[in-house]
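The values are calculated or read from the model by the stated rules, or taken from the named source; none is laboratory data. Every value quoted in this text rests on a predicted model; they were computed, and no experiment measured them. Ideal geometry is used to build each Cβ from the backbone, glycine not excepted, and the neighbour counts take in all protein chains shown.
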Amino acid sequence: MKRVVLTRQIKDSQALAAQLREQGVETLQFPLMAIEPRSVDVQHLQSAKNSVTALIFTSSNAVKYGLEAVRGIASDDTCSVIAVGSRTLEALQAESIDAIAPEREDSEGILGLPIFQTAMIDRVVVIKGEGGRDLLQRALVDRGVGVVDLNCYRRYWPAVDLDKLDQFLEDGAPFFHVASGEAVVRLTDLVSAVVQRQASLVVPSERVAQQARALGWYTVEEAEGAGDAAFMEVFTRHD
């Protein structure tokens, strides 16, 4: 029997866990990262809101915790709304916000969108969590685009039950589904070198795959993004 460890938050992995169980796959929901909202400072948006030409949501959590602060801007027909990937796009559509998303679900994918190959976008607000990569912002600034960050949540490492993970691993090497480079680093800190050699790691991008291999993971498979469908496309190759 194939086995999968899902490392997203419980609520974010419930649908995938149910889908896998329906196919007879044993799953363990083992969240490596937790999210909590933070107060949103919208004062620095006041002077910019009338000149914003695009909003970029970097995750579904950015939609959950940051949309209300910019809903008025997002509803303006003159403003483009961009999602980093399919999960974020679905979260925006559920809020009746028209948006676009790149096929490649990361900062590089956003930068490759046709909308950024023209002079249409000159000021953006990036709705995001604290920290994270700043590749997107730096690349936009290099192109002459004004960038305002809106940090609306923070990530932290929750306590984990290593005994539960160890027990699951006793029955054979699983697939681990991880959604970010940060999660790969955290997982590497928690498991042994033996697990790194025997388990399969499914990651959302080439960048994260390279990071995982550098950390000692042997079998790393690259999905087309961090969403459930992208994981299943990789996972079903092993039927």
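Restricted to segment 1-42, and to residues that are assigned to a helix (DSSP H, G or I) and not hydrophobic (A, V, I, L, M, F, W, C), which residue is surrounded by the most Cβ atoms within 10 Å (Cβ to Cβ)?
Here is the first cut: in segment 1-42, the residues assigned to a helix (DSSP H, G or I) are 10-22.
Imposing the further condition that a residue be not hydrophobic (A, V, I, L, M, F, W, C) reduces the set to 11-14, 19, 21-22.
Details: Lys11: 10, Asp12: 20, Ser13: 23, Gln14: 13, Gln19: 15, Arg21: 12, Glu22: 8.
Only one residue fits best here, namely Ser13.
In segment 158-184, what count of residues is obtained for those that are within 30 Å of Val124 (Cα to Cα) and not hydroxyl-bearing (Ser, Thr, Tyr)? Before the answer, list the steps.
Of the residues in segment 158-184, the ones within 30 Å of Val124 (Cα to Cα) are 178-184.
Checking which are not hydroxyl-bearing (Ser, Thr, Tyr) leaves us with 178-179, 181-184.
The number of residues fulfilling the criteria is 6.
What do you reckon, is Ala226 surrounded by 15 or more Cβ atoms within 10 Å (Cβ to Cβ) and of a type in the set (Gly, Ala, Ser)? First the steps, then the outcome.
Working: surrounded by 15 or more Cβ atoms within 10 Å (Cβ to Cβ): yes; of a type in the set (Gly, Ala, Ser): yes.
Criteria met by Ala226.
Scan Gly132, Gly144, Gly112, Gly181 and give me the residue that is over 27 Å from Pro37 (Cα atoms) and under 18 Å from the mean Cα position of the chain (by Cα). Let's see the steps before the verdict.
Details: Gly132 fails: over 27 Å from Pro37 (Cα atoms); Gly144 fails: under 18 Å from the mean Cα position of the chain (by Cα); Gly181 fails: over 27 Å from Pro37 (Cα atoms).
Being over 27 Å from Pro37 (Cα atoms) and under 18 Å from the mean Cα position of the chain (by Cα) holds for just one of Gly132, Gly144, Gly112, Gly181, which is Gly112.
Could you go through segment 208-226 and let me know if any residue there is modelled with pLDDT under 95, closer than 17 Å to Leu6 by Cα, in a helix (DSSP H, G or I) and not aliphatic (A, V, I, L, M).
Within segment 208-226 (the criterion being modelled with pLDDT under 95, closer than 17 Å to Leu6 by Cα, in a helix (DSSP H, G or I) and not aliphatic (A, V, I, L, M)), the answer is no, since none of the residues qualifies.
Residues in segment 4-13: is at least one assigned by TED's automatic domain parsing to the domain that holds Ser200 and without any contact (Cβ under 8 Å) to a residue 12 or more places away in the chain?
yes
Among the candidates Gly144, Gly181, Gly216, Gly227, single out the residue that is of a type outside the set (Phe, Trp, Tyr), assigned by TED's automatic domain parsing to the domain that holds Lys11 and farther than 29 Å from Glu90 by Cβ.
Working: Gly144 fails: assigned by TED's automatic domain parsing to the domain that holds Lys11; Gly181 fails: farther than 29 Å from Glu90 by Cβ; Gly227 fails: farther than 29 Å from Glu90 by Cβ.
Within the list Gly144, Gly181, Gly216, Gly227, the selection yields Gly216.
Looking at this structure, is Leu67 over 21 Å from Arg154 (Cβ atoms), part of a helix (DSSP H, G or I) and in contact with a helix residue (DSSP H, G or I) (Cβ under 9 Å, 6 or more places away or on another chain)?
In short, no.
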